[in-house]
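The values are calculated or read from the model by the stated rules, or taken from the named source; none is laboratory data. These numbers were taken from a predicted model, which means no experiment stands behind them. For neighbour counting, all protein chains shown are included, and Cβ atoms are generated from backbone atoms with ideal geometry for every residue, glycine included. Please note that ligands, DNA and RNA were not included when accessible areas were found on the heavy atoms of the full protein model with its side chains. Shrake-Rupley method; radii C 1.70, N 1.55, O 1.52, S 1.80 Å.
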Amino acid sequence: MQWRQNGSRSFRIVLALALAAPSLSVLGACASGGGGSGGSVTPMPPPPPPPPPPPPPPPPPPPPPFPSAIAAPSAFETSEYNIAGGLSVVGASAAYAIGATGAGIKVAVIDTGTIDDHPDLIGAIVQTFDVCAATNCSGYDINGDPTTMMRQADDIDTGGHGTLVSGVVGARRQDDYTTSADNNVFNGIQGVAFESEIISIRADSPGSCARTGEDEGCSFADSALIRAIEYAVDQGASVINMSLGGEVDANQGLEDAVRAAAAAGVLVVISSGNEAEPAGTDGDGNPTPAVGMTPTEPAYIAGEAASLGRVVAVGAIGATQGNPSFRKITDFSNRAGNSAKNYYILAPGQGVVTTGLDDDIAFPGDPTNDPDTDGDYYTVSGTSFSAPYVAGALALMLQTFPNLKSKPELALQILLDTADDYTDPNPDIITGTVAGAGADDVSGVGILNLVEAFSPQGQQTLDFGIEKLTLEQVFAPSGGAFGDWMAHSGALNGAVFQDKYERGFRLDADAVARQVPQVIEESRLADFSTRADWAAGDSHAVRAGNVSFNWTQARLYDDPTAPYQEDPQSTFQMRYSFGDSEVEVGRGGSLTRLAPDVSLLNEPGAGNAFSTGGAWAKYSHHWGESLVMDIFSAEQEGRSQSGFKLGRDQPRWSYRFGASFVSDDRTALGGTLQERFGEEDRTQMTSWSLESAWLAGSDWTVSSGAELASVELPGVEVNGLWTSRWSLGASRQAGPGTLSLIVAQPWRAETGTIALNTPFAVDADGDLLYRIVDAGLTPSGRQVDFETRYGFRLMGDWSGEAAAVLSTSPNHIAGAEEEGALWFRLSTDW
């Protein structure tokens, strides 16, 4: 079988450019049936230099979170980038912005050879043999002389098809993206993977490129292509580009070679063919069927299971902005067909500018040729030039994300998954079907989109070694004393997170934190229904000598729709006095404190150990008339607290100094912290407190309290963690009741860090590398609560209470929406 290049017939334009740049020759192409590369030359007047293209429509702003970039994408959109034509169509600058260059990735171009002295290809060709000396062609020649590895001096491809294809893959970038490039000055072009290594393999049949007439154009034998594929695999190619194709036949030799390369871990990119022609009539008026409804051989095997997801067929779209064909599938491009549609992708293949041979070789004797012997530049069309866009994109992918090297099919799958869906409500001129949503017979998966391909996809996670968390879980606020510590710390800036393909991206933690709502869903407001039930409940007290006993039962309901509900537990308190001492035991209720407490808000976690439904006990002893000592202990549902207080009581003032020891097996200081790192939330805390009350004048009683605690969080490594809480209040008689004003701050982490085993890089095997990062545990804000309440008695047995509370920076999150509540009770006995 003889194979033809998927290039197309050419015309030539000499493009005048500013300064002393090499002349730009344009080798155009309009493909027809056979897709040959030769054709007539038609001079055309020189057009003006192309203006910098506007940003293309496909690349939307990258969705947050996006990895930290080495520069903005626009910094890479130099004159070389813009003139190439197709780079802006696929959004390649987004890949460059995160460091993608293709460095170290070998791409084998099986074609007609590549010159190595083109200004934009110097250093791009890596090869064992130096062949094709007559045309400065560097590469391995499958059909070269076994001894010299060379052909006859005149056996060359004057169209330079291999050089054109290689330029799309890896033409070197000359402009430095860190400097301002003049987009109106020609400085060559750049390839997609401008630092990749090209293995140029010449495989065209000897003498075929010089043929004229009906069989004009280079052709390739099955046996030569098989040997070329084997050579590419032996040379360590990660990607093979084959911009050629022919009619499907029964001989599976070539297809087996492609399958073998895929099995060896090589990605094979094949042009779909330029054979597409709509149905019509022949010269005799007889109907002719449409041609090109499926890819040519060997591209048609892209969808087979035996291809292991490592073979892709590539069709062509227009790359010239402003042209009606822009981002439209070209008339000449073979379509996807049904069997290959999930492994068929569209890329720029019409109006692409790339590297080529010197114009004296391509157009000998033309009076407009430039005087130098350097390679020139050409505008080309054909699926031959769509395929290297995908080959270059795969090189970028493999270089940027090392974990994909062991699973190369995943690199290709990412390009397929992130392609722009191609839709057209009009029936296709070749297949007669509509290109609809999803993969279809016309356009396959759609148009190559490197903006999306190099953005994190699906669920994004941080792997701390023992626990893998989504970014939402990592940056969700902890609540309690820690609030939004993770979002506030900024400690994870520069860490590596992974997307659903396990690719590593650099984390902009500040940007991610802004995207994750810093809101605690659970309200801290007291349950007013429960509060009302207790207010409407029954209270009783008895006293016998030195013993007193009181208890309260919340209001009970008889709900016939929900029988057998447990009644709320009653609270009780029993006190026994003997000499200068007394003992108290109880369940629920609250220990009397000098420091004031906000009543309409719950403090999560241990809080006030005696504001519980658990059991507690207290021993008090008085020395003389003023010295007091309290020893207490309490326990409820995984929480316990014990401690002591020493103080003095005087007629107009009192104070208490004490220490308490808290164990909470349910929360991390009222929030959640260890749980996100694979441990259970627990707290061990030693607290030191000072409380006081003072009768100021004849009207006001001023009270205050402050606590400072050293905290341990079992299961994680924390250092220097101290927390505080305080309250300040004033009360006085006002009319028939008492007015109270309270300002309070609940427990808040003031200092401390947590050591996080943080991924910061990915090695060549795709494994995460870790280092210890100390993250601050203090939140961004400080919650301060303001409460006013007024308790009063009216005539008879009527009593009431009114209260209002306002919480600023709830859960210690700066900028969080304020919370507030009003409470009113009026009750009597009957």
* Per-residue accessible area for Arg793 at 1.4 Å probe radius, Å² rounded to 10? -> 140
* To do: Quick one: go through segment 669-711 and flag any residue whose amide nitrogen is under 16 Å from the point 7 Å out along the Cα-to-Cβ line of Arg652.
  => 693-703
* Using 1/(1 + (r/R0)^6) with R0 = 25 angstrom and r between the beta carbons of Ala306 and Ser74, what's the FRET efficiency to the nearest 0.05? -> 0.05
* For the charge dipole of segment 317-363, defined by +1 on Lys and Arg C-beta atoms and -1 on Asp and Glu C-beta atoms about the Cα centroid, which residue among Ile345, Phe332, Gln321 has the Cα displaced farthest towards the positive pole? -> Ile345
* Asked: Sorting Val743, Val445 by accessible area (1.4 Å probe), largest first, what list results?
  -> Val743, Val445
* **Cβ-based charge dipole, segment 602-734, positive-most Cα from Gly624, Ser692, Gly658** => Gly624
* Taking the Cβ of Ser654 as the center, what net charge do the other residues with Cβ under 15 Å away carry, scoring Lys and Arg +1 and Asp and Glu -1? -> +1
* Asked: Roughly how many percent of the accessible protein surface of segment 709-795 is carbon and sulfur, given a 1.4 Å probe and a whole-percent answer?
  -> 57
* Please find the FRET efficiency linking Glu717 to Met629, where r is the Cβ-Cβ separation and R0 is fixed at 35 Å, and quote it to the nearest 0.05. => 0.40
* Return the FRET efficiency for the residue pair Asn426, Gln174: r is the Cβ-Cβ distance, R0 is 41 Å, and the value is rounded to the nearest 0.05. => 0.45
* Viscosity 0.890 mPa s, temperature 25 °C: Stokes-Einstein D of segment 230-366 from its Kirkwood Cα radius, in µm² per second? -> 148
* **Table column - 3J(HN,Hα) (Hz), segment 703-710, Karplus curve with 6.51, -1.76, 1.60, x for Gly and Pro** => 10, 7, x, 9, 9, 10, 9, 9
* So how much accessible area does Thr281 have, in Å² to the nearest 10, using a 1.4 Å probe? -> 100
* **Thr373-Arg211 pseudo-label distance in nm [points 7 Å out on the Cα-to-Cβ vector]** => 3.1
* To do: Please state the charge dipole magnitude for segment 676-759, taken about the Cα centre, from unit charges on C-beta atoms (+1 on K and R, -1 on D and E), reported in debye and rounded to the nearest 20.
  => 280
* Solvent-accessible surface (1.4 angstrom probe) belonging to Met574, in square angstrom, nearest 10 -> 80
* To do: Calculate the spin-label point distance for Ala250 paired with Ala103, positioning each point 7 Å from the Cα along the beta-carbon direction, and give it in nanometres.
  => 5.3
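Using a 1.4 Å probe on the protein chains only, how many percent of the accessible area of segment 626-673 belongs to carbon and sulfur?
Carbon and sulfur atoms account for 55 percent of the accessible area of segment 626-673.
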